[in-house]
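**Q** What follows is a structure written as structure tokens; I'll ask about it next.
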Amino acid sequence: MVDYALDEADRIGAAIAKALRPGDVVALSGELGAGKTTLARAILAALGLEGEAPSPTFAIVQPYEPPETAFPVLHIDLYRLDEPEEVAELGLDDARYDHALLIEWPERLGPYGWPDMLQLRIEIVAETGANDARRLTARVPAAWEGRWPFP
């Protein structure tokens with residue numbers, strides 16, 4: 001568990017990005033406004049993306065390729081999906097071969113999730129204004145053992 005202020009998302013994202021590699025899936029859960037997109041943007045920035053990444057809420061899948069990022073990454077927002085079966089149509093299993101996947105709203109994966117995905121839950125624990133305190137809770141699978149950057 002990591003407690004942080006929203007303005008520390010860059011530090012948290014950089015640590016995760018340093019451990020991230022193609023084939024990884026990072027699931028970002030939390031209520032609306034918890035900071036899922038902020039953390040995903042911090043990870044993308046640490047991978048070399050210049051400028052602010054657009055939210056993939058309407059596109060659903062936002063791809064990034066070198067030289068924009070160090071390696072191929074898909075930023076995915078499943079919020080607008082109605083049925084888990086729609087996930088299969090996105091081709092994410094095939095994309096995992098050479099992309100890292102950052103998935104917001106992974107609850108919508110239903111049975112289409114992966115047992116080796118890193119599951120991160122972000123919660124607002126103290127509302128102090130623009131810099132609300134967050135808590136990041138991780139479920140670290142065996143694939144991330146030795147790489148997870150936080151004690």
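The values are calculated or read from the model by the stated rules, or taken from the named source; none is laboratory data. Just so it is clear, the model here is predicted, and its values are computed rather than measured. Cβ placement follows ideal geometry from the backbone for every residue including glycine, while neighbour counts extend to all protein chains displayed. Accessible surface areas use protein heavy atoms only, side chains included; no ligands, DNA or RNA. Shrake-Rupley method; radii C 1.70, N 1.55, O 1.52, S 1.80 Å.
**Q** Antiparallel DSSP bridges in the chain: what percent, to the nearest 5?
**A** In the chain, approximately 55 percent of DSSP beta bridges are antiparallel ones.
**Q** What size of dipole, in debye to the nearest 20, comes out for the chain about its Cα centre when the only charges are +1 on Lys and Arg C-beta atoms and -1 on Asp and Glu C-beta atoms?
**A** Dipole size: approximately 520 debye.
**Q** Testing the spin-label approximation: label points 7 Å from Cα along Cα→Cβ at residue 123 and residue 18. State their distance in nm.
**A** According to this spin-label approximation, the distance is 2.7 nm.
**Q** Tell me, what is the per residue accessible area of the chain in Å², probe radius 1.4 Å?
**A** Details: 7630 Å² over 151 residues.
Spelled out: the 1.4 Å probe surface of the chain, per residue, equals 51 Å².
**Q** Among 58, 72, 47, whose Cα lies farthest out toward the positive end of the dipole of region 46-151, if unit charges sit on the beta carbon of Lys, Arg (+1) and Asp, Glu (-1)?
**A** Of the options given, the answer is 47.
**Q** What trypsin sites (Lys or Arg not before Pro) does region 1-84 have in DSSP loop regions with at most 15 other beta carbons within 10 Å? If you can, show how the numbers build up before the last one.
**A** Numbers: sites: 11, 18, 36, 41, 80; in loops: 80.
Those that pass, being in a loop and sparsely packed, are 80.
**Q** Which percent of Cα pairs goes in each bin when the distances of the chain are cut into 5 angstrom slices starting at zero?
**A** Bins of 5 Å from zero give 2, 10, 20, 24, 22, 15, 6, 1, 0 percent of pairs.
**Q** Roll a 1.4 angstrom probe over the protein heavy atoms and tell me the percent of accessible area of the chain that is carbon or sulfur.
**A** 51 percent
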